[in-house]
1. Looking at (1) surrounded by fewer than 20 Cβ atoms within 10 Å (Cβ to Cβ); (2) within 12 Å of chain B (Cβ to nearest Cβ); (3) out of contact with any helix residue (DSSP H, G or I) (no Cβ under 9 Å at 6 or more places or on another chain), which one does A:Ala146 not meet, given that it meets all the others?
2. Can you list the helices (runs of 4 or more DSSP H) lying wholly within the range B:242-360 that have 1 or more residues being within 12 Å of chain A (Cβ to nearest Cβ)?
3. Restricting attention to the range A:101-149, report how many residues are more than 16 Å from A:Pro67 (Cβ to Cβ) and of a type in the set (Phe, Trp, Tyr).
4. Scan the range B:365-375 for residues that are modelled with pLDDT of 95 or more and either within 14 Å of another protein chain (Cβ to nearest Cβ) or surrounded by fewer than 18 Cβ atoms within 10 Å (Cβ to Cβ) (or both) and jot them down.
5. Could you identify the single residue in B:Val165, B:Val137 that is outside the structural domain of B:Arg253 (by TED's automatic domain parsing), more than 18 Å from B:Thr383 (Cβ to Cβ) and under 16 Å from the mean Cα position of the chain (by Cα)?
6. Scan the range B:52-83 residue by residue and report those that are aliphatic (A, V, I, L, M) and more than 9 Å from chain A (Cβ to nearest Cβ).
7. Looking at the range B:326-343, is at least one residue buried (at least 21 other Cβ atoms within 10 Å of the Cβ), of a type in the set (Ser, Thr, Tyr) and modelled with pLDDT of 95 or more?
8. Quick check: is even one residue across the range B:203-213 closer than 21 Å to B:Asn350 by Cβ, not in a helix (DSSP H, G or I) and not assigned by TED's automatic domain parsing to the domain that holds B:Trp308?
Amino acid sequence: MSHRKHLVPACLLIMAALVSAGVDQAQAQTQPLSGVAIVSSEKDDALALIDTRSLAVTGTITTCKRPRHMRLSVDGKQLLVACGDSGQADVISLATGQSVGRIALGDDPEIFDLSPDGKLLYVSNEEDGELGIIDMATKKRLGAVAVGAEPEGVIVSPDGKRIYVTSEVASMVHVVDAATRKIEKNIAVGKRPRRFAFSANGGELWVSNELGASISVIDTRTLAVTKTIPFEVKGMRADDISPVDMKLSRDGQTMYVGLGRANHVAFVDTAQKSTRALVLSGKRAWGLGLNRDGSRLFVANGLSDDVTIIDTASAKALKTVPAGRVPHSVVVVD
Amino acid sequence: MDGRSLSGMLPAALPALLALLAATLALPLAATAAPLKIGLLVRADDERLAARLVERGYPGHPGGPAEQAVKMALDETRFELDAAKLEATLETVTVADAAQARAALQRLAQGGAVGVLVDLPAAWLAQIAPAASVPLVNVGAADDSLRALCTPQLFHTLPSERMRVDALAQHLLSRRWQRVLLLQGPSASDAARAAVVQAAIKRYGLKLAATRPYKLSGDPRERELGNLQLLTAARGAEHDVVWVVDSDGEFARTVPYRTALPRPVVGDAGLTAQAWAPNFERFGAPQLSRRFKRAAQRPMTGHDWAAWMGTKALLQAAMANPKSPLTALTATDFVLDGFKGTRNSFRAWNRQLRQPLLLTDGLGVIGSAPVEGVLHPKNVLDTLGVDAPESPCKPK
């Protein structure tokens, strides 16, 4: 039959296509991760890579389901990606750009941090209302600390002795003693506290209050709120300002704050505790990443599916590039 | 039970009784927490919760008892309550009429309840609210008449009927589906709700193509009322959308995909506006929905959201101002987190909770209201429902 003659080349073509696709993928995945801003996209199950020089998207890495928070390992050789829907962290080697393992993080993990020695991982498990503790060597869950409903932000003190956890529902920061794994103190902060950042000397812990439209500054010695920094954006109401992620400038003088639905990033003077600049970004500006020399701030815009790159010296947006569906967090490796 | 059988039971029950007594005595010693009591008034033989009706899951109808959402709110606040050294308890009272409701409310208030959640028919609530000495939170009646009582101690977390129709009207406006064919059911409730729809149509500059009464009937002599083909034909009333008002739900369910002309259906079927949708994906909503599913073994509805939110309001107010929760509730900076991405607060004029509404077809969330582009001089959430200038109530 004449059909047959046509079928064979078609089959070969498909096979060739499959083989070449496989090769392309393999090549893309063995690329070392450097000179890139890595952006987690909640709805793509992938990380978008933005070249830090050209500011263009140069590739993607497939990862676990619903990737959100990311950070580098303590030795700086691996990227850890927490995935909400898979309940896992994907461990990606920066040298190869490939996944080298997975760590079970429990139900609906959100934000995590590592002990300073890199041995323990602390993760907020939103659905169980727990702070999970995971041994990085054995990848086993060592235990958990019960905290208020919907824990979110997690940060370990620089000396590793305390873990701070926000509870979105209880509007509190729980101070957990790392040695006893007990709550040492509950600190009332603003409404729906989300994320943390330390001041340069670790003396202050900044907490973003998403519905409070403010930041609570906690003195880490007395464990009391010493200052609340409100936000105002001209032409917007307080209800439209929902701060989430924060990053400290390399010189420690400025805290960058993603103002969420106010679509701006605030530059807050850390000494004066006041906003000195507002930079227009995309819709729902939340996740922030800073490059090594601190000159470029990468802002994930959760509702406009893009990333805005800001020149920090001039407080001006340079470019906005598309970056997957619902970008969440940014880590810059350069 | 007569005396003899009681004494006969005693020896067997004694150890258990003693254990119970010991537990009761031990409790106040173990936790030196002060009591914080919340009341919940529900109706006896709630016909909305009849098993066969709940099974059908008509949009906008309750999916189960309010108590489930109230308990969930208490559970998730346990941590804050512990920190404030408070022990919250819930007393649910089932009442059969307004008189019983009034008596129960008095007893709860005298018993030290900081506030009472109410899931009662609007008529009963209207009778008991003016004399209430503690804050009441209406979690079950959408009637706008309750929002016009101007009773300063009566709060509402369930969106009013007007809020829900305003939300739909905004969506129609944003889609430019301006000509509305209104199908209206036979009950008094349908008539009242259809009037609210007409007010929203007017407010948002939509056009009422026609209002047609319908009846659930297969009787060929009444086919003008019962035949959907006739009811939804243009017949001189060109329309872009069919808005069905059906408090009962059975008729409305038959309208989508069966209209004479290919037109979307909104109102009590098709696209509906709700306080909550279990498949809402934004603002941490999935966590709340999953928490409820785990606790109640069913999806969270708008009524559940209102009961949960009402409980959170009372608890937050009691923690903020233990002496006068009412003062806390009415403070200008009193803000609730409803997991809908905005700050929710009570309107000063009629104590209705400001909130975005979710537009849903039951499968997913299609959008939310206020829709983008709608503006308001003070708070865009006040574009849903009766705004201050239209309300008979003055800000208090």
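1. Single failed check for A:Ala146: (3).
2. Answer list for the range B:242-360: B:285-296, B:302-320.
3. So the answer is 1.
4. Let us first name the residues in the range B:365-375 that are modelled with pLDDT of 95 or more, namely B:365-371.
Result: B:Ile366, B:Gly367, B:Ser368, B:Pro370.
5. Testing whether each residue is outside the structural domain of B:Arg253 (by TED's automatic domain parsing), more than 18 Å from B:Thr383 (Cβ to Cβ) and under 16 Å from the mean Cα position of the chain (by Cα) leaves just B:Val137.
6. B:Leu53, B:Val54, B:Ala66, B:Ala69, B:Val70, B:Met72, B:Ala73, B:Leu74, B:Leu81, listed by residue number.
7. Scanning the range B:326-343, I find no residue that is buried (at least 21 other Cβ atoms within 10 Å of the Cβ), of a type in the set (Ser, Thr, Tyr) and modelled with pLDDT of 95 or more, so the answer is no.
8. yes
The values are calculated or read from the model by the stated rules, or taken from the named source; none is laboratory data. Quick caveat: nothing in here was measured; it's all calculated off a predicted structure. Every residue, glycine as well, gets a Cβ built from its backbone with ideal geometry; the counts of neighbours run over all protein chains shown.
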